[in-house]
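Report on the structure given below.
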Amino acid sequence: ETGVTQTPRHLVMGMTNKKSLKCEQHLGHNAMYWYKQSAKKPLELMFVYSLEERVENNSVPSRFSPECPNSSHLFLHLHTLQPEDSALYLCASSPRDRGRDTQYFGPGTRLTVL
Amino acid sequence: SQQGEEDPQALSIQEGENATMNCSYKTSINNLQWYRQNSGRGLVHLILIRSNEREKHSGRLRVTLDTSKKSSSLLITASRAADTASYFCVQTSGAGSYQLTFGKGTKLSVIP
């Protein structure tokens, strides 16, 4: 138990659906992250939020839309995804300043796009 | 790419044996970390070693760092079946950045 929870744990959606992934951290951190983990590829950073402001966006397609309403919650809104977007999506959190190098990960959402 | 590379890609050992995994990286680092991922407990931080450190211990884990060779190793002593997981060497991208750069990992199987 890392103190970071994600829901749902599994999601199957069609290409025309709209869905959202949710992440919540109970560690008092103020930076949160979305990562994508595809088969046979290294973990890829998608977005970083620090104090609820997006500070990094690593060229992610606009069909992925993050939202950080407060420092404990992070969402990833999904719409018109492609089959190649099927992957494990991991949320993480860390302190914003000192100690940010160590990130605490949630269990992930296994997404399948049909 | 700043991505590190773990070696070997896969390792299979008997319970009780030691497991050694290596990592090479390309750019200068502030620190280097090792993470573990298994289906039961997700992705978990194991240990961090700073660029001015050469060796660090945590329980059954020992990490070494050779900045002149841009390499690190993770040794797990007296392995257990529960150590079965993928192990990742992770670089920090530098001051002011939030980005961690993960390698592809070493898949360790510990056979009971």
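The values are calculated or read from the model by the stated rules, or taken from the named source; none is laboratory data. Keep in mind it's a predicted model, so treat the numbers as computed, not measured. A quick note on method: Cβ atoms are made from the backbone with ideal geometry, for glycine too, and the neighbour counts reach across all protein chains shown.
Of the numbered criteria (1) within 14 Å of another protein chain (Cβ to nearest Cβ); (2) hydrophobic (A, V, I, L, M, F, W, C); (3) touching a residue at least 60 places away in the same chain (Cβ under 8 Å); (4) touching a Pro at 6+ places or on another chain (Cβ under 9 Å), the one A:Leu21 fails is (1). In the set (1) in contact with a strand residue (DSSP E or B) (Cβ under 9 Å, 6 or more places away or on another chain); (2) touching a residue at least 60 places away in the same chain (Cβ under 8 Å); (3) farther than 21 Å from A:Pro107 by Cβ, B:Thr20 fails one condition alone, (2). One residue stands out among those in region B:63-112 that are more than 14 Å from every other protein chain (Cβ to nearest Cβ) and on the phi > 0 side of the Ramachandran plot: the one that is surrounded by the most Cβ atoms within 10 Å (Cβ to Cβ), which is B:Lys70.
Under the condition of being among the polar types (S, T, N, Q) and within 21 Å of B:Ser86 (Cβ to Cβ), which residue from region B:19-53 is surrounded by the fewest Cβ atoms within 10 Å (Cβ to Cβ)? Only one residue tops the list, namely B:Ser39. Restricting attention to region A:43-72, and to residues there that are within 13 Å of chain B (Cβ to nearest Cβ) and surrounded by 18 or more Cβ atoms within 10 Å (Cβ to Cβ), which single residue is farthest from A:Gly108 (Cα to Cα)? So, considering only residues that are within 13 Å of chain B (Cβ to nearest Cβ) and surrounded by 18 or more Cβ atoms within 10 Å (Cβ to Cβ), the one farthest from A:Gly108 (Cα to Cα) is A:Ser50. Applying the criterion of at least 1 residues that are within 30 Å of A:Asn30 (Cβ to Cβ) and of a type in the set (Val, Ile, Thr) to the strands (runs of 3 or more DSSP E) found wholly in region B:32-112 leaves B:42-50, B:61-66, B:85-92, B:100-102. Among residues of region A:49-86 being of a type in the set (A, V, I, L, M, F, W, C) and at pLDDT below 90, the one that is farthest from the chain's Cα centre (by Cα) is A:Leu51.
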